[in-house]
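Visitor: There's a structure below that I have some questions on.
No lab work stands behind these numbers, since they all come straight from the coordinates. Computed from a predicted model, the values in this text were never measured in an experiment. Quick reminder, even Gly has a Cβ in these numbers, built from the backbone with ideal geometry, and neighbours come from all protein chains shown.
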Amino acid sequence: MITFDECGEMLDEIADSLPYELYRELNGGITLHPESRLHPCAVNNDLYILGVYVHDNLGRYINIYYGSFVKVFRNKSKEESYNELRKILLHEIRHHNEFLAGVNDLVLYDENQINTYLQKHQGKR
């Protein structure tokens, strides 16, 4: 498993490799947090929030949760971890750009994923 510092370095490398225009109005940047975040809909403590796009009175920013990443991808190689981290960051950047465009396709997709998860776990509580 990658360390917190390795994860931060990978995240920086991934962010730097993407077109600058994707970060327009992302005034709070991207932050790697050490903790894990359990999703409020988690049935058996098995659903973690890997990243979030936030737009509030502090601005627009992306939080990535290293602790959640470790819980979900602990058996991945460095290369696999890099690829998973890239997917997470691209997902959150898409949220940002859809918000700026007034579109909520990814929000609806995420809601559908949670509903599918809950249906799968229905009766297992």
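Visitor: If you compute Kirkwood radius over Cα pairs in Å for the structure shown, which of (i) 15.4; (ii) 14.3; (iii) 17.1 do you land on?
Guide: Structure-derived value, by its label: (i).
Visitor: Say the dipole of segment 4-121 comes from +1 at the beta carbon of Lys and Arg and -1 at that of Asp and Glu; which of 109, 7, 99 then lies farthest toward its positive end?
Guide: 109
Visitor: Assuming R0 = 35 Å, can you tell me the calculated FRET efficiency for the pair residue 120 and residue 5, based on Cβ-Cβ distance, to the nearest 0.05?
Guide: 0.50
Visitor: Under the rule of at least 5 residues apart or a separate chain, name every residue whose amide H is placed under 5 Å from the amide H of residue 31.
Guide: Under 5 Å from the amide H of residue 31: 62, 63, 64.
Visitor: Also, I was wondering about something else. Restricting to bridges with both residues inside the chain, how much of the DSSP beta-bridge set is antiparallel, in percent to the nearest 5?
Guide: Working: 8 of 13 bridges.
The antiparallel proportion sits near 60 percent.
Visitor: Out of residues 5 or more away from residue 36 or on other chains, whose amide H comes under 5 Å of its own, with H placed 1.01 Å from N in the peptide plane?
Guide: 67, 68
Visitor: Going 7 Å from the Cα of residue 25 in the Cα-to-Cβ direction, what parts of segment 73-103 have a backbone nitrogen less than 16 Å from that spot?
Guide: 93-103, by backbone N distance to the label point.
Visitor: If the only charges are +1 at each Lys and Arg Cβ and -1 at each Asp and Glu Cβ, what is the size of the charge dipole of segment 4-121 around the Cα centre, to the nearest 20 debye?
Guide: For this selection, approximately 360 debye.
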